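Have a look at the structure below, then the notes.
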Amino acid sequence: MKKLFYPLGAVTLTAVLLLIVNLQSGATEDLDRYGQDVFGRMDFLLFFGFFGGEIFLATVSIAAILFLWFRRNNYVGMIIILLAVAGGNVLNKLIKTATERPRPGDQLAEAGYSFPSGHAMVSIIAAVVIIYLLTEKSGQTAVQIMLFSGALLLSALAGLSRLPDQAHYFSDVVGGWLLGYTYAVICLLIYEVIMKRRTVKKTM
């Protein structure tokens, strides 16, 4: 699965940069209209917003950190989870401030700007990084695929949950997924570089 991770990260980085460039030109209107037409009336999606919220993601992250601490003694992995989830949340807010995209409609209940969706971005960061770190030594590809599929499905539903209440445009959600995956790959690259250097030092 590692062979797919990094090339896909390059693709998502390119895609999100193109999306950001086209935000101000109105080129995303067709995409936003399509997303609202397809998902905007699916009120059941609102339930899944919980899985992209800060409380759920913080709880899952803490549980993963404790597992890596007590069961794996993987202190680098613990730091990477903090860098990924907490850092991804900070990055999301910085990009929102930089793009200054207003939310759709009259969103009095939603503070801040619209692009990218934090639910979509941070949930996919947590999904990719946490599942990767928890399963890297399992050697069971089928289990990895199942866990990744389940986690990514929850991330997809969490992102789409922002459309029925018009908290985000569809391009905000897509941008969140793209940027989140890219950032997750960067965090995992950092992790692998550190772990390889530690391995080399031990063998010297």
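Values in this text are rule-based calculations from the coordinates and carry no lab data. Owing to the predicted nature of the structure, the values given are computational and were not obtained by experimental measurement. Reconstructed Cβ throughout: ideal geometry from the backbone, glycine too, with neighbour counts over all protein chains shown.
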When only C-alpha pairs under 8 Å and at least 6 residues apart count, what is the relative contact order of region 8-157, in percent?
-> 24 percent
Helix 54-67 sits off the longest principal axis of the Cα atoms of the chain, rounded to the nearest 10 on a 0 to 90 degree scale, by 10 degrees
Once label points are set 7 Å from the Cα along Cα→Cβ at both Thr14 and Asp30, what is their separation, rounded to one decimal in nm?
-> 2.0 nm
Could you state the number of Å between the C-alpha centres of region 31-104 and region 126-177?
-> 9 Å
What net charge do the residues around Ala86 carry, taking every other residue with its C-beta under 13 Å from that of Ala86, with Lys and Arg at +1 and Asp and Glu at -1?
-> 0
Angle in degrees between helix 141-160 and the longest Cα principal axis of the chain, rounded to the nearest 10 = 30 degrees
Just grab the label-to-label distance for Ala111 and Phe148, each label 7 Å out from Cα along the Cβ direction, in nm (one decimal).
-> 3.7 nm
Peptides 50-58, 152-160, 76-84 ordered by average Cβ neighbours within 10 Å, highest first = 152-160, 76-84, 50-58
Quickly rank 188-198, 168-178 as a protection proxy: mean count of other C-beta atoms within 10 Å, highest first.
-> 168-178, 188-198
Most mobile of Gln36, Gln24, Gln140 per a Gaussian network model of the chain (Cα springs, under 10 Å)?
-> Gln140
Tally of Lys pairs whose C-alpha atoms are under 21 Å apart, taken over the chain, 8 or more apart or cross-chain | 7
Any idea what the alpha-carbon Rg over 2.2 N^0.38 Å comes to for the chain?
-> 1.06
